[in-house]
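Accompanying notes for the structure given below.
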Amino acid sequence: MESIKKYIAEFIGTAVLVIFGCGTAMLVGCSAENGCGYILTALAFGLVIVGMAYCVGNISGCHINPAVSLGVLISGGMTVTDFIGYVISQCLGAFAGAGILAAVFELGDVKDLTGGFGSNGLAGVNDSAAAGILVEIILTFAFVLTILGVTSKKGGHGSFGGLIIGLTLTLVHILGIGLTGTSVNPARSIGPAIAAAINGNSDPISCVWVFIVGPFVGAALAAVTYKFLESSKK
């Protein structure tokens, strides 16, 4: 029963992330030329993490991101069974969030300024999959390394952990939005890409693999690096 509650918390948290993060991007745009929309989108994603960390963090740890769950798994913080349950819940939550956005924007006849439900793309790196993967590895590495440090029992960050993690997500978005739209989260990429494909835009789904591979590699590297750094202190 406890595991089911964790999965439900991850489903809700990821849905909220997509609704508010991708929804903000859809409304204000996220091109580098439009500074206001760019910063608002970065803040939206970061603030959702802050809110959800203090909402469901005590239930599931508030991963709401398969890459984060992979980092925790490699670090020994969860079982393989829970990892699978988390990833499934997160992907379903992201799809539900994208579906809610589709309903709101379609029923309200609201223009989606991103053209794809806030999905990720490679336009900022001239459609280079290799560059996109490299960007996502770097962004995810920094994000997951911070999470592992903040949530470590030796970290001593206490109640400020959620704020630190949310601000870090905002930071990686500030750099990454103009390059890949910033994924660092395979579920967040998959949900909007599927919604866009259903709506007739197949471009996001064609490159969604980049936003699965990049974040997973970055998270794995972060977990291995943090385990090494932490062990060297002993």
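The values are calculated or read from the model by the stated rules, or taken from the named source; none is laboratory data. Just so it is clear, the model here is predicted, and its values are computed rather than measured. Neighbour counts run over all protein chains shown; Cβ positions are idealised from the backbone, glycine included.
Sort out which residues of region 66-89 are within 21 Å of Ser159 (Cβ to Cβ) and at pLDDT 95 or above, and write them in order of number.
If the condition is that a residue be within 21 Å of Ser159 (Cβ to Cβ) and at pLDDT 95 or above, then Val68, Val72 are the ones that fit.
Which one is surrounded by the fewest Cβ atoms within 10 Å (Cβ to Cβ) among residues in region 155-170 that are without any contact (Cβ under 8 Å) to a residue 40 or more places away in the chain and among the hydrophobic types (A, V, I, L, M, F, W, C)?
Applying the filter and picking the extreme gives Phe160.
Scan region 139-154 and tell me whether some residue there is free of Cβ contacts under 8 Å to residues at least 60 places away in the same chain, touching a Phe, Trp or Tyr at 6+ places or on another chain (Cβ under 9 Å) and buried (at least 18 other Cβ atoms within 10 Å of the Cβ).
Within region 139-154, one or more residues are free of Cβ contacts under 8 Å to residues at least 60 places away in the same chain, touching a Phe, Trp or Tyr at 6+ places or on another chain (Cβ under 9 Å) and buried (at least 18 other Cβ atoms within 10 Å of the Cβ).
Which numbered condition trips up Met78, out of (1) without any contact (Cβ under 8 Å) to a residue 40 or more places away in the chain; (2) assigned to a helix (DSSP H, G or I)?
Here Met78 clears every test but (2).
One residue is enough: does region 39-46 have a residue meeting the conditions out of contact with any strand residue (DSSP E or B) (no Cβ under 8 Å at 6 or more places or on another chain), farther than 19 Å from Thr182 by Cα and in a helix (DSSP H, G or I)?
There is no residue in region 39-46 that is out of contact with any strand residue (DSSP E or B) (no Cβ under 8 Å at 6 or more places or on another chain), farther than 19 Å from Thr182 by Cα and in a helix (DSSP H, G or I).
Residues in region 56-71: is at least one closer than 17 Å to Ala96 by Cα and either surrounded by fewer than 24 Cβ atoms within 10 Å (Cβ to Cβ) or more than 11 Å from the chain's Cα centre (by Cα) (or both)?
No: zero hits.
Going by the structure shown, is Phe105 touching a Leu at 6+ places or on another chain (Cβ under 7 Å) and either over 25 Å from Leu221 (Cα atoms) or among the charged types (D, E, K, R) (or both)?
No, not satisfied.
Where residues in region 58-71 are touching a residue at least 12 places away in the same chain (Cβ under 8 Å) and assigned to a helix (DSSP H, G or I), which of them is farthest from Phe211 (Cα to Cα)?
Ile59
Does Leu40 satisfy being farther than 20 Å from Ser152 by Cα and surrounded by fewer than 18 Cβ atoms within 10 Å (Cβ to Cβ)?
So Leu40 passes the test.
Here is a yes/no grid of residues against (1) under 14 Å from Gly166 (Cα atoms); (2) in contact with a helix residue (DSSP H, G or I) (Cβ under 9 Å, 6 or more places away or on another chain); (3) in a helix (DSSP H, G or I); (4) not aliphatic (A, V, I, L, M):
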residue: Lys6; (1), (2), (3), (4): no, yes, yes, yes
residue: Phe11; (1), (2), (3), (4): no, yes, yes, yes
residue: Gly23; (1), (2), (3), (4): no, yes, yes, yes
residue: Cys30; (1), (2), (3), (4): no, yes, no, yes
residue: Gly37; (1), (2), (3), (4): no, yes, yes, yes
residue: Tyr54; (1), (2), (3), (4): yes, yes, yes, yes
residue: Leu73; (1), (2), (3), (4): no, yes, yes, no
residue: Gln90; (1), (2), (3), (4): no, yes, yes, yes
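Residues of region 92-109 being touching a helix residue (DSSP H, G or I) at 6+ places or on another chain (Cβ under 7 Å) and either small (Gly, Ala, Ser) or over 14 Å from Ile198 (Cβ atoms) (or both), which ones?
Listed by number, the residues that qualify are Leu92, Gly93, Ala94, Ala96, Gly97, Ala98, Gly99, Ala102.
Just one of (1) modelled with pLDDT of 90 or more; (2) surrounded by fewer than 18 Cβ atoms within 10 Å (Cβ to Cβ); (3) over 28 Å from Ile84 (Cβ atoms) trips up Thr24, so point out which.
Answer for Thr24: the failing condition is (2).
Exactly one of these conditions fails for Gly218: (1) surrounded by fewer than 20 Cβ atoms within 10 Å (Cβ to Cβ); (2) over 19 Å from Val18 (Cβ atoms). Give me its number.
Here Gly218 meets the rest and fails (1).
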